[in-house]
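Right, one structure below, let's go through it.
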Amino acid sequence: MEGDMSIASLILGASLLVKLVMLVLLGASMASWALVFGKRRDLMQAKRAAQQFEDQFWSSEDLTALFNRVSNQRAPADGTQRMFEAGFKEFARLRKKEGLPPEMVLEGSQRAMRIALSRELEALEGNLPMLATVGSVSPYIGLFGTVWGIMNSFRGLSSAHQATLAMVAPGISEALVATAMGLFAAIPAVIFYNRFSSEIDRLSSRYEIFLEEFSAILQRQVHV
């Protein structure tokens, strides 16, 4: 009897619709975990790159030389590096134009950095809504499988002469397995969605601070 009530036997013995529900939940769980590992790697790289470039930026005495190094490197710029490159490039371009007020030079540089910041945050937030979708929808998909499995169990009782717990236990058990799989897919997705959102917010604040500090440096230079 114990073998018949194992998780594997309950899944294999489930009705076709409940099996489809379990398959959908399994796919959602695998996709969300793949996204979790990928997003965790991306955020770690973004934080490490931000720290490395900020150290390089504040230790550099010549921003033009730093800009040339960033522009000539093989790896594409990202994070604060991308903002610096976009802002300084626009600053140098506008400064060469005669008769352009310093305020417009600084405004153009800030606008370029804002665009670079938006693109960076868009890249960091990519595929993150999928975790929110898995976290919010999976319990309901599992509940649908549960309801369907329980309906099948009670439908079988209608044709039985004597109802016993042993008759409905397998059907109810397989239905509850669908609920458990829904929670198994949803809980990690919600946890990591909240964690990644918090980390992205902290990175966004860090980028904003760099933008303001770099703008202050450019503001001093534009009046030189």
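Every condition in (1) modelled with pLDDT under 90; (2) in contact with a Leu (Cβ under 8 Å, 6 or more places away or on another chain) holds for ALA189 except the one numbered (1). Somewhere in region 76-91, is a residue loosely packed, with under 14 Cβ neighbours inside 10 Å, within 28 Å of GLU199 (Cα to Cα) and either touching a residue at least 24 places away in the same chain (Cβ under 8 Å) or out of contact with any helix residue (DSSP H, G or I) (no Cβ under 6 Å at 6 or more places or on another chain) (or both)? There is at least one residue in region 76-91 that is loosely packed, with under 14 Cβ neighbours inside 10 Å, within 28 Å of GLU199 (Cα to Cα) and either touching a residue at least 24 places away in the same chain (Cβ under 8 Å) or out of contact with any helix residue (DSSP H, G or I) (no Cβ under 6 Å at 6 or more places or on another chain) (or both). Checking LEU100, LEU94, LEU106, LEU66 one by one, the residue that is touching a Ser or Thr at 6+ places or on another chain (Cβ under 6 Å) and not aromatic (Phe, Trp, Tyr) is LEU66 and no other. Out of contact with any His (no Cβ under 9 Å at 6 or more places or on another chain) and more than 19 Å from ARG220 (Cα to Cα): does that describe SER109? Against the criterion (out of contact with any His (no Cβ under 9 Å at 6 or more places or on another chain) and more than 19 Å from ARG220 (Cα to Cα)), SER109 does not qualify.
Would you confirm, using the coordinates I've provided, whether ALA180 is among the aliphatic types (A, V, I, L, M), in a helix (DSSP H, G or I) and without any contact (Cβ under 8 Å) to a residue 60 or more places away in the chain? In short, yes.
Quick check, is ARG114 crowded, with 16+ Cβ neighbours inside 10 Å and basic (Lys, Arg)? Judged against the criteria, ARG114 is not a match. Filtered by the rule that a residue be without any contact (Cβ under 8 Å) to a residue 12 or more places away in the chain and among the hydrophobic types (A, V, I, L, M, F, W, C), region 63-75 gives ALA65, ALA75.
For region 178-189, the set of residues classified as surrounded by fewer than 17 Cβ atoms within 10 Å (Cβ to Cβ) and within 17 Å of the chain's Cα centre (by Cα) consists of ILE187 only. When we screen SER204, SER215 for residues that are more than 30 Å from ARG41 (Cβ to Cβ), modelled with pLDDT of 90 or more and among the small types (Gly, Ala, Ser), the only hit is SER215. Considering LEU100, LEU66, LEU94, the condition of being over 17 Å from ARG220 (Cα atoms) and not aromatic (Phe, Trp, Tyr) is satisfied by LEU66 alone.
Taking every residue in region 33-62 that is buried (at least 17 other Cβ atoms within 10 Å of the Cβ) and pairing it with any residue that is aromatic (Phe, Trp, Tyr) and assigned to a helix (DSSP H, G or I), at least 6 positions away or on another chain, the pairs with Cβ-Cβ distances below 7 Å are VAL36/PHE192; LYS39/PHE196; LEU43/PHE196; GLU54/PHE210; PHE57/PHE84. Determine, yes or no, whether GLY99 is crowded, with 18+ Cβ neighbours inside 10 Å and on the phi > 0 side of the Ramachandran plot. In short, no. Does SER205 count as polar (S, T, N, Q) and in contact (Cβ under 8 Å) with a residue 24 or more places away in the chain? No: the conditions fail for SER205.
The values are calculated or read from the model by the stated rules, or taken from the named source; none is laboratory data. What you are looking at is a predicted structure, and each value in this text was computed from that prediction instead of being measured. Every residue, glycine as well, gets a Cβ built from its backbone with ideal geometry; the counts of neighbours run over all protein chains shown.
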